[in-house]
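The values are calculated or read from the model by the stated rules, or taken from the named source; none is laboratory data. Since the structure is predicted, the reported quantities are computational estimates derived from the model, not experimental observations. Every residue, glycine as well, gets a Cβ built from its backbone with ideal geometry; the counts of neighbours run over all protein chains shown.
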Amino acid sequence: MAAAKKKINKWAISVAMVVTVLAVWLSFRAVEWQVVRKTFAQANYFWVALALANSLFGVYAMGWRWRILLRPKEKIPMSSLFRLNIIGQYANILMPARTGEVVRAYIAARDSGISGGFILGTIAIERIFDFMVFLTLWLCMPSFFAFSKGQGISFLVFMLGGVAILLLAVFVFRPGPFINLTRWITKVLPERFREKVYLQIDNLSEAFVLLQKPMVFLAIAAITFALILNMFLTNLFMFQAFHFKLPLWAGLFLILVRQTGDLPPAMPGRIGIFEYTVILALAAFSVERSAALSFGIMLHIVAYVPKIILGSIYGVRLGLKDNPSPARERARTAGETK
């Protein structure tokens, strides 16, 4: 088993290296470096700074959504949630397979005393809402292109978006079939592992029960759309910085293409892939390749570098230092009292 896992890891690393090298080549080929230098020199760095601040505020705003989901167990300060989200994104940037979600769940469970299964359930809710919103926006995107060319908005496309939202509602309010399917699939596991999986499923179910409260469901949905708006504003600020005269919805299209670019495996930092997805997105609006590369490099810096710096700092404080949290200290004191 260990040998097979090691072989799979080698293949994953090899694929990630190939994808990264190919993306770097595609990004930097046929580039006019004089145009790149000129584009950087003419950029308005006030708007870049505004985009950077807005990007970090988006990470803080993620804590509002997570806090609502965690509130039944413990009221965690927003400052702590900000640090945990930064660490999660830091790990996602530097490690493969969205390891950051596991990292922030582990640290949150360790420092709060909340069960890891429940925390993973809240993170699963976040990812499901994100996926459904992005799916809906992708389904609606052809209508934006058609509308920009005076062809009208497709009713069918928006109907498909409504179906995506309906599926989310069914998953939330009728989770039984999904849970039963998971239990049936895990029957192939040895009994001792199966019991642990069942326990985690129960914890996950407990987290999803929260969404059956209409106000909680609406709050999570509203914050999810607000987070997309935050990313949208970051792109608009960057368009201003580089003097790109693009339609407003170009910022939304850039978000969707960039998120799709996060799907294939890549080396840490997604160097090359980030820039190439930006070039592809801006090519749809006839932005010159070298200027698009300059924009992509700066957007990459804005999106990743502050999180890497803060993640390194917070990682030492929350991950490596083993100072007991108030929740764990209360649990230890209670145990000694008994």
Note to self: Pairs needed: first member in the stretch 131-145, within 11 Å of Ile228 (Cβ to Cβ); second member anywhere, at pLDDT below 75 and part of a helix (DSSP H, G or I); C-beta distance under 6 Å; at least 6 residues apart or different chains.
What the structure shows: Thr136/Gly161; Thr136/Ala164
Checklist line | Positions within the stretch 81-96 being hydrophobic (A, V, I, L, M, F, W, C) and without any contact (Cβ under 8 Å) to a residue 40 or more places away in the chain, in sequence order | finding: Leu81, Phe82
Note to self: Can you pull out every residue in the stretch 44-98 that is closer than 26 Å to Asp262 by Cα and either among the aromatic types (Phe, Trp, Tyr) or part of a loop (DSSP other than H, G, I, E, B) (or both)?
What the structure shows: Trp47, Phe57, Tyr60, Trp64, Trp66, Phe82, Tyr90, Met95, Pro96, Ala97, Arg98
Next item on the list: Among the residues of the stretch 238-255, write down those that are within 20 Å of the chain's Cα centre (by Cα) and more than 16 Å from Ala292 (Cβ to Cβ).
Entry: Leu252
Notebook entry, point to check: Would a scan of the stretch 83-98 turn up a residue that is under 18 Å from Leu293 (Cβ atoms) and either crowded, with 17+ Cβ neighbours inside 10 Å or at pLDDT 90 or above (or both)?
Noted result: no
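Filter the stretch 258-312 for residues that are among the hydroxyl-bearing types (Ser, Thr, Tyr), without any contact (Cβ under 8 Å) to a residue 60 or more places away in the chain and surrounded by 19 or more Cβ atoms within 10 Å (Cβ to Cβ) and give the result. Give the derivation first.
From the stretch 258-312, those among the hydroxyl-bearing types (Ser, Thr, Tyr) are 260, 276-277, 286, 290, 294, 304, 312; that's our starting set.
From what is left, the residues that are without any contact (Cβ under 8 Å) to a residue 60 or more places away in the chain are 260, 277, 286.
Hit for the stretch 258-312 is Thr277, nothing else.
Sort through Lys75, Lys38 and tell me the only one that's charged (D, E, K, R) and farther than 19 Å from Glu275 by Cα.
Working: Lys38 fails: farther than 19 Å from Glu275 by Cα.
Going through Lys75, Lys38 in turn, the sole match is Lys75.
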Next item on the list: Please list, ordered by first then second residue, the pairs with beta carbon atoms under 7 Å, 6 or more apart or interchain, first in the stretch 215-238 and at positive phi, second buried (at least 18 other Cβ atoms within 10 Å of the Cβ).
Entry: none
